[in-house]
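No lab work stands behind these numbers, since they all come straight from the coordinates. All of these numbers come straight from a predicted model, not from anything done at the bench.
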Amino acid sequence: MERIKKLNWKIPTIAFIIVLLIFLAWVFFRTKSMTVAENIPVTAQDKMALTDDEILILKGDQLTAYDYDSKELWTKTVGLKNPIIAAGKDRIYLGEDRTLLILDKKGEVKKQLDIPLDCKGMKINNEGLVIRSDVRQIVVANDEIKSSISDGNVRMTDGAVSKDHENIAFSSIELRDGRVLSHLTWTDNEGAVLSKQSFFDEIGVFLNFLKDNELLFATNENLYLLNEGIIHNQIAVNLIKGIAVSEDRIYLMDLDDLVVYDKDFKLLDKIALKKDYKGITAVKGGMILYHESGYAVYQTGSLKEENSEKPIQNVEVINDHIYLIHDDAVSRIY
């Protein structure tokens with residue numbers, strides 16, 4: 001009888017240990033990078049974009065799609081000499097001068113838009129496309145221009161669109177009387193200005209809608225939380241080098257530390273940085289800092305360093321997966 005009792009006590013203990021080992025193995029493998037495509041013919045002059053199932057390589061006017069087994073799917077001549085590229089869930093965008101081509105996932109042109117600016121930069125934000133020139137920004141959603149803003153000779157720096165595509169924000173910067181002046185402009189989806197804020201001696205570095213009517217605006221000096229265009233929370237920061245936002249966390253990389261806040265700016269964690277990281281990105285499942293030869297995965301109270309087999313050129317986030325972009329390959333972490 002005593003032996004049976006001892007065995008009964010050991011069984012749940014052994015089961016717990018097995019479950020713990022499985023969990024630790026799962027965490028370990030989630031933080032290791034896995035090459036999902038390699039030996040892709042790409043050079044430093046080529047442009048790359050990712051979707052959830054395609055790697056897009058733009059060589060001049062030739063656009064080629066590969067799957068994540070490195071198999072070529074299709075090649076198209078796009079009719080633009082040297083455009084820039086961005087990709088969403090079901091659209092591929094090619095911009096050059098004052099022309100925007102909108103393609104489907106098979107490379108077929110769905111629409112061509114004449115746009116009121118020369119394309120200098122494009123990014124996907126909440127499945128809206130933000131296009132920037134030096135002095136103007138526009139947002140394209142549902143294959144139409146939703147908002148366009150220009151403010152004299154100020155230089156545009158960033159843009160964001162809410163998930164419902166009803167609210168749009170732009171940041172810009174200028175020199176006035178020898179001082180830096182940053183602007184934050186909030187518009188509706190028809191371009192009507194709803195509010196405008198100006199910040200002396202600050203440089204806007206990041207915009208993101210946390211909710212459809214709630215905007216996070218980061219400068220090199222402060223974090224601001226705006227609700228319907230009005231600042232209702234603010235916190236000083238130490239010269240931001242990078243920022244990333246997940247579902248419930250704000251991650252800041254400053255000159256010395258990684259700082260983690262919740263959405264109400266409550267401090268959750270602070271870790272001294274021992275390496276010079278060049279970027280930061282986050283998804284629902286976690287966050288990484290990266291440099292050319294490796295990356296660090298955030299775990300509460302610490303950073304777990306991992307080496308990369310190939311130099312890291314850039315990082316992309318697609319459908320809550322983090323992809324490392326190499327010269328001729330793509331790796332996935334989460």
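When you restrict to C-alpha pairs under 8 Å that are six or more residues apart and normalise by the size of segment 237-334, the relative contact order lands at 16 percent.
In sequence order, segment 73-82 has phi-based couplings of 9, 6, 9, 10, 8, 8, x, 10, 5, 8 Hz under the Karplus curve 6.51 cos²θ - 1.76 cosθ + 1.60, θ = phi - 60°, and Gly or Pro positions carry x.
Measuring against 29 Å, Cα to Cα, the residue pairs Lys59/Lys105; Lys146/Lys310; Lys120/Lys274 contain Lys146/Lys310; Lys120/Lys274 as the ones spanning a longer distance.
For segment 249-259, the Karplus equation 6.51 cos²θ - 1.76 cosθ + 1.60, evaluated at θ = phi - 60°, returns couplings of 9, 10, 10, 10, 10, 9, 5, 10, 9, 9, 10 Hz by residue, with Gly and Pro reported as x.
Scanning residues 5 or more positions from Asp158 or on other chains, those with amide H under 5 Å from its amide H are Ser171, with H placed 1.01 Å from N in the peptide plane.
Rounded to the nearest 10 degrees, the angle from helix 2-31 to the longest Cα principal axis of the chain is 30 degrees.
Seen through its C-alpha gyration tensor, with square-root eigenvalues sorted a ≥ b ≥ c, segment 164-257 comes out oblate because a/c lies at 1.5 or above while a/b is not bigger than b/c. Going through (i) 24.9, 78; (ii) 20.3, 62; (iii) 22.7, 89, the figure that equals Rg and Dmax of the Cα atoms in Å as computed for the structure here is (iii). Across segment 229-234, rounded Karplus estimates of 3J(HN,Hα) from the backbone phi angles (6.51 cos²θ - 1.76 cosθ + 1.60, θ = phi - 60°) give x, 10, 5, 10, 7, 7 Hz, Gly and Pro being marked x. Cross-link check: pairs Lys47/Lys304; Lys111/Lys278; Lys47/Lys111; Lys123/Lys266 evaluated at a Cα-Cα cut-off of 25 Å; pairs beyond the cut-off: Lys47/Lys304; Lys111/Lys278; Lys123/Lys266.
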